[in-house]
Amino acid sequence: MFFPEKMYKLTFEIPKDKIDGFLEKLGKEKILHIKKDTRKKHPLVYKINNLLKKTADLLSIINEPLPAHPKKENFQIEEIENILSSLISVYEDVSFKEKEYKRKKESLQKLNKFLKAFNISKEQLKFKFLKFKAFYSTYENFEEIKLILSAYNILCIYEELKDYIAVISVYTPKNESKTIEILQKFSITPFDEELFEIDEKTLEKELQLINKKKETILKEKDVIKKIYSHLLYLKNIYEIKTVLKEKNGFYILEGWVPKKRYKPLPFVKNKEIDFINSPTLLNTPKFFKPFENLVKTYSLPKPYEINPTMFFAVIFIFLFGLMFGDIGQGAVLALIGYMLRNKKEILGKIMLLSGLSSMFFGAIYGHFFGFELYHFFSPMENINNLIALSIFAGAVIISTGFILYMSTNYKKRDIKKLLFGENGLLSFAIYLLLLWIGIKIFILHTDIKFDLLVLGILFIGFTGYTIYESKKTSQSLFHSIIGLLENITNTVSFVRTGAFALAHAALFLAVFTIAEMMDKTGYWITVILGNIFVIILEGVIVTIQTLRLEYYEFFKRFYEGGGYEYKPFEL
């Protein structure tokens with residue numbers, strides 16, 4: 001729960017004549033993660049990928065979904081190539097004709113719209129001794145185009161539309177090249193002449209011929225799907241064969257299995273717990289699962305690191321409510337989240353929990369859609385207390401980061417980092433002492449000379465160890481001073497959570513000020529629109545600020561990241 005699942009690293013020694021059957025068994029078990037080498041590919045993988053693309057093209061043109069899972073079928077590569085070769089020629093013909101059909105249909109619709117501006121039909125433009133070009137011109141260029149065309153005795157008939165001018169230029173056959181040259185100069189593409197020879201019935205016949213050819217592919221859809229599934233199966237097999245090593249007539253394969261899912265497998269030469277290089281499989285409780293994606297967006301933890309999802313979720317929910325406390329608006333967010341929970345499960349659950357947190361803090365603040373119901377802990381009346389609460393929350397969150405850093409290094413048995421690391425025990429002691437000095441200065445108003453002496457000793461000890469390890473005096477000293485200052489600034493940066501709670505209240509002060517200038521109807525319209533505006537705008541901003549504080553103030557204390565996800569080999 002607190003750490004990713006423990007993994008066994010298994011080393012297999014497989015006789016060469018047993019490899020295909022063994023890989024098939026592994027694929028059906030779906031428990032072994034095999035790290036693929038993306039730099040190398042088996043020669044057959046290139047051919048399989050090419051065949052997969054062709055198969056996917058065939059299924060897409062008949063609007064059939066791609067099979068999601070690999071499955072072994074009774075096909076040889078040569079047989080698949082023969083089946084696909086005849087169908088691909090049909091696909092290419094259909095694909096080309098379908099594109100042409102869509103192009104003609106779209107162009108014909110545009111032409112009909114163009115002719116509607118003149119209230120004429122295509123037949124009325126079929127001159128016996130004259131030719132014409134139909135096109136759109138911008139208002140900016142039209143006068144110049146008309147002037148140039150008229151200089152060559154080319155007639156312009158036009159209609160002014162909203163954004164463009166619809167133009168029909170009429171000319172004798174000898175002026176056709178000059179007309180085209182003038183239009184090209186202004187980057188104008190006239191309507192294709194073939195469009196004046198076709199109609200909806202012609203296009204309908206073309207579509208019927210396309211659909212008739214599609215039937216050839218449609219009849220083979222079951223075979224094509226089986227081929228696609230089999231190709232996926234072959235691709236997975238040959239990608240694994242790429243990572244096999246040979247030794248004394250055996251194939252050597254390495255992979256990882258979660259300890260809880262382990263079951264005896266044949267040809268196991270060695271089995272050992274590995275929490276350094278293994279893949280990561282998070283075992284997050286269901287309640288916190290939606291927040292796992294936000295952690296993964298930042299990075300997956302290494303197998304020896306603490307799974308930060310639960311801490312991340314609790315901090316996210318707390319900070320969101322602190323900054324966005326309102327019973328009514330929180331209820332809106334919670335309701336939207338509840339409605340989205342089936343269609344958008346992750347987003348829905350995060351919104352639901354954030355909304356409930358907002359309602360909780362709204363009850364403390366006494367806010368309901370911006371109205372102050374009571375004054376238990378109004379942000380505007382308790383500014384100092386709110387700022388103090390924000391700093392206290394920041395201190396607790398940062399301290400949690402220190403503790404998680406030490407826990408991770410304890411698991412790794414890295415005692416040096418646990419005691420003297422950047423966020424180890426000594427650094428944590430300095431941070432706690434800084435907080436205590438702050439309390440004595442601003443709250444207790446007592447003497448801090450002894451505390452400063454202890455701080456100096458701890459700081460010298462931390463800096464001395466850093467210099468000893470790095471052998472770089474000035475760089476280590478600078479690094480220690482920066483770390484000391486960052487401890488202070490990172491804690492103070494949580495003041496923004498209180499500032500956003502104040503801004504939330506201030507925004508509604510502005511909304512109600514404007515509303516009171518209106519009549520009764522205008523008052524409620526302003527209040528409703530103001531609530532919608534605040535929910536959308538501040539909801540987004542508060543989410544971004546919460547993520548920023550978690551990623552940059554909390555994670556930097558302990559989180560290394562850079563793990564890769566456990567994905568078992570399957571067939």
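The values are calculated or read from the model by the stated rules, or taken from the named source; none is laboratory data. From a predicted model like this one, the values you see are computed outputs, not experimental measurements. Quick reminder, even Gly has a Cβ in these numbers, built from the backbone with ideal geometry, and neighbours come from all protein chains shown. With ligands, DNA and RNA removed, areas are computed over all heavy atoms of the protein, side chains included. Shrake-Rupley method; radii C 1.70, N 1.55, O 1.52, S 1.80 Å.
Considering only the other residues whose Cβ falls under 11 Å of the Cβ of E194, what net charge follows from Lys and Arg at +1 and Asp and Glu at -1?
Computed value for this residue: -2.
Pairing the Cα long axis of helix 221-243 with the longest principal axis of the chain, what angle in degrees results, from 0 to 90 and rounded to the nearest 10?
Helix 221-243 sits at roughly 40 degrees to that axis.
Taking a quarter of the surface of the convex hull around the Cα atoms of segment 455-494, what do you get in nm²?
2.8 nm²
Could you tell me the extents of segment 391-460's C-alpha atoms along the three principal axes, largest first, rounded to whole Å?
42, 28, 11
Over segment 184-332, consider all pairs of different Cα atoms and compute the Kirkwood hydrodynamic radius from their mean reciprocal separation; express it in Å, one decimal.
For segment 184-332, the Kirkwood estimate is 23.8 Å.
With the convex hull built on the Cα atoms of segment 427-571, state its orientation-averaged projected area in nm².
17.6 nm²
Can you give me the Rg/Rh ratio for the chain, using Cα atoms for both radii and the Kirkwood formula for Rh?
Taking Rg over the Kirkwood Rh, I get 1.13.
Let me check I've understood the local charge: for P279, count other residues with C-beta under 11 angstrom from its C-beta, Lys and Arg +1, Asp and Glu -1. What total comes out?
+1
Give me, ordered by chain and number, the residues 5 or more places off T280 or on other chains with an amide H under 5 Å from its own placed amide H.
It is Y564, E565, Y566, by chain and number.
Do me a favour and compute the ellipsoid semi-axes for segment 481-543 from its Cα gyration tensor, root of five times each eigenvalue, largest one first, whole Å.
37, 11, 5
Please report, to one decimal in angstroms, the Kirkwood hydrodynamic radius of segment 115-232 built from all distinct Cα-Cα pairs.
After inverting the mean inverse Cα-Cα distance, the result is 17.6 Å.
Can you tell me the accessible area per residue over the chain, all protein chains present, probe 1.4 angstrom, in square angstrom?
That works out to 56 Å² per residue.
Quick one: angle between helix 176-185 and the longest Cα principal axis of the chain, in degrees between 0 and 90, rounded to 10, please.
Taking Cα atoms only, the helix is inclined about 10 degrees.
In whole Hz, what ³J(HN,Hα) sequence does segment 539-545 give by Karplus (6.51, -1.76, 1.60; θ = phi - 60°), x for Gly and Pro?
x, 5, 5, 5, 4, 4, 5
Would you grab the residues whose amide H sits under 5 Å from the one on K269? Only those 5+ places off in sequence or on another chain, please, with H modelled 1.01 Å from N.
Amide H neighbours of K269: T11, F12, E13.
Over the Cα atoms of segment 324-461, compute the convex hull volume and normalise it per residue, giving Å³.
Here the figure is 123 Å³ per residue.
Expressed in whole Å with the largest first, what are the equivalent ellipsoid semi-axes of segment 1-147 derived from the C-alpha gyration tensor as the square root of 5 times each eigenvalue?
Over the Cα atoms of segment 1-147, the ellipsoid semi-axes are 60, 23, 14 Å.
Give, as a single signed number, the net charge of other residues whose beta carbon lies under 11 Å from the beta carbon of A501, with Lys and Arg counted +1 and Asp and Glu -1.
Net of charged neighbours comes to -1.
Evaluate the relative contact order of the chain (contact order divided by residue number), counting alpha-carbon pairs under 8 angstrom at least 6 apart; express in whole percent.
22 percent
In square nanometres, what is the average projected area of the Cα convex hull of segment 288-557?
Hull-based average projected area comes out at 17.3 nm².
Please give the helix 327-340 orientation as an angle from the longest Cα principal axis of the chain, in degrees from 0 to 90, rounded to the nearest 10.
Long axis of 327-340 versus the principal axis of the chain: about 60 degrees.
What is the percent carbon and sulfur in the accessible area of the chain, measuring with a 1.4 Å probe over the protein chains and ignoring ligands?
Carbon and sulfur: 60 percent of the exposed surface of the chain.
Using a Cα distance threshold of under 25 Å, what count of lysine pairs results for segment 155-224 when pairs must be 8 or more residues apart or interchain?
11
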